[in-house]
Amino acid sequence: MTTLGQTPDLRAKLAIDRKSVRHVVTFFSERRFDVNVLPADTLRVYKELEGKYNEDYALTFVFIMRTAQELHRAWNMTLLTSMTLQRIKDKFNIRMTWTLGVVKLKFRVEDGGHEIQRIIPYDYDSEYQDVYCRIASALVEGHIDIQEALFYQTEVTKGEHTARSGLFLRDFPGRIILYPLEAATCALIFFQGKLDDAMVAALCGFAAGLVEWTLSSIGGNATKLLDVSAGLVTGIVGSLFYRFNTEGKYCLSAIFMGTLYWFFFGTAFVIGLLEIIAGELETGVTRFIAVTIKTFVLCLGASLGMLIILKEPELEWETQNAENCGAIYTLDTWWRIPLYILCSISVLGQYRMPITKYVQALVVMLVGWEVQTRTAEFISKKHEVNDHYLDNAMSNILGAMSAVIMASIMAYVFDRARAFFYAGLLHRESSFRSSAGGTCLYECIKVYVRLFNILTGGRESDLMKLKMEKKLRKARMELESDDHERGEIAMDQNEKSCLTEALIDSQGVNIWALLMPAIYQLVPGSLIARLWFGTIFNTEESNVFSSLMVIACSLAIGMVLGFALVQAFQGIQDEGLYTIPEDKMDDPEDKCD
């Protein structure tokens, strides 16, 4: 048996009682992480580090590697992944360096004595992006030890801490329902398609989803065919409807770009420029070129699909653009915002965002998009001649800034609510928590958790934590009473897992988990695709590079300015692109020590 005691989270900004439940429980058993499940190269380095230093040092090296891989897979933000890894390295004095490329990661240990390389494919995963940052934060802050951190990472990858609804949308077959929804709504809201175009886009999206499902199931080299195959199927299905429709009213550009929106990594353009600005030239330039080529391959696949079905694809492309596209909806159209919200919900599903965070993310996405569209409309009305990119640049800058600021505000508000809730759940008492108003608010949050769990198919562990809190509060009162014989508060393994989950969940929200879907909607990647189609079919307006630079650079500048403004209001944002380093004197406990 062991009694575990750690430092409470100071960022909760509550007058926390030093003896939270974390400090007074005793566990029936303590699991040990099985290092034999590690890859052979990692295991060899682990054994050498264990012999030279100790087990915890070697396990921390393993933890850093696993954190880097999953964060890189989830958001591919090398700058922020590096910040998280550096924080762990500095805390535990690990002699380790790393190089984070676009897809290749290199880890060097003991001054380059060992080097391990990994190839990590890009993916969207806001849940993992957030939870792996929380695990790292909980470890650094001392809420959990390295054994618990590694076990929790393993459990996360197995889906043990994901809600039932999240598991359904995380992978196929449940994930297939998102493709047609995103294709149809994007065709309408971004690319001026009509209702008929949206219906065809939904069918194309379903077909493209089946292609990705099939190729991902085969695995190996088959996945390299995804872009051209998805584009080809989209081109064939869309062209079939266009050819055999007697009225010939379909807008192929809206259908194609709405469908392929899923496959365009629009945020990668912005991330690449941020890396270049930060001095990571090799990674930034490589990412920028790679995603540009990826977009071109998707467009080429769709164009080849047209070539297979239509007799004169170049002429048909010009005809449909001139006659069938360009449905204009004013900013006062009543269904514009509901349609955008529906589109954003499909994007959040693509990003694997937990449903419990949909409200926060949707607010950020809606604010950024509204500022972007309203600014563009204002500038276009103000200037009679719009033969320039200034309206796009200014609308992108203000839209990105607004998204950053709103993400910071949402993170601040929900962090405070979460801190209050977990202060009660973990018996971190505060003066407000002990008041009548605090007790009422805490009970309201508990009702909300139960209700939301029922409506959204949430995690069973959330309900278990509420039940466990009552049991622990009663046991603690008995333990602290001189008239009761209780000598300890014992937990079994399931209760320990719930407690660990609560300690990790109590960490602050990762702003980028909320921000990335909003930036994804602000680009959007398909605008670059429109330019590539112009190049393929040799239309007049096909200046790809200039448009690409305006779109990507303006969004990157907007994000930088947004974080600069947020940083000016200390306390609103906890972490971001530019943060003020922590000082030991900032921690009153370190001062006391």
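FYI, it's all coordinate maths here, none of it is from the lab. Here the structure is a predicted model, which means the values were calculated and not measured. Glycine gets a Cβ as well: all are built from the backbone with ideal geometry, and neighbour counts include every protein chain shown.
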Filtered hits (lysines, Cα-Cα < 30 Å from LYS382, offset >= 8 within chain) -> LYS194
Descending packing, highest mean Cβ count within 10 Å first, for 192-202, 352-362, 110-120 is 192-202, 352-362, 110-120
The relative contact order of the stretch 31-161, taking Cα pairs under 8 Å that sit 6 or more residues apart, comes to a percentage of 25 percent
Taking 0.36 nm per residue of separation between TRP335 and PHE168 and subtracting their Cα-Cα distance, the length gained on full extension comes to 57.3 nm
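For LEU225, LEU105, what's the fewest-to-most ordering of other Cβ within 10 Å of each Cβ?
Lowest to highest Cβ neighbour count: LEU225, LEU105.
For the stretch 31-161, what does the alpha-carbon gyration tensor say about shape, rounded, prolate or oblate, given a ≥ b ≥ c as the root eigenvalues, a/c under 1.5 as rounded, and a/b over b/c as prolate?
Rounded, because the longest to shortest axis ratio a/c is under 1.5.
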Taking 0.36 nm per residue of separation between LEU342 and LEU466 and subtracting their Cα-Cα distance, the length gained on full extension comes to 41.4 nm
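Exposure proxy check: THR157, THR67, THR60 ranked by fewest other beta carbons within 10 Å?
Details: THR157 13, THR67 21, THR60 24.
Fewest to most other Cβ atoms nearby, the residues stand as THR157, THR67, THR60.
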If HIS161, HIS72, HIS143 are placed from fewest to most neighbouring beta carbons inside 10 Å, the sequence is HIS161, HIS72, HIS143
Partner lysines whose C-alpha sits under 27 Å from that of LYS474, ignoring same-chain residues fewer than 8 away, are LYS13, LYS19, LYS446, LYS465, LYS496
With the label point 7 Å along the Cα-to-beta-carbon line of GLN567 and a cut-off under 19 Å to each amide N, the hits in the stretch 85-125 are 85-87
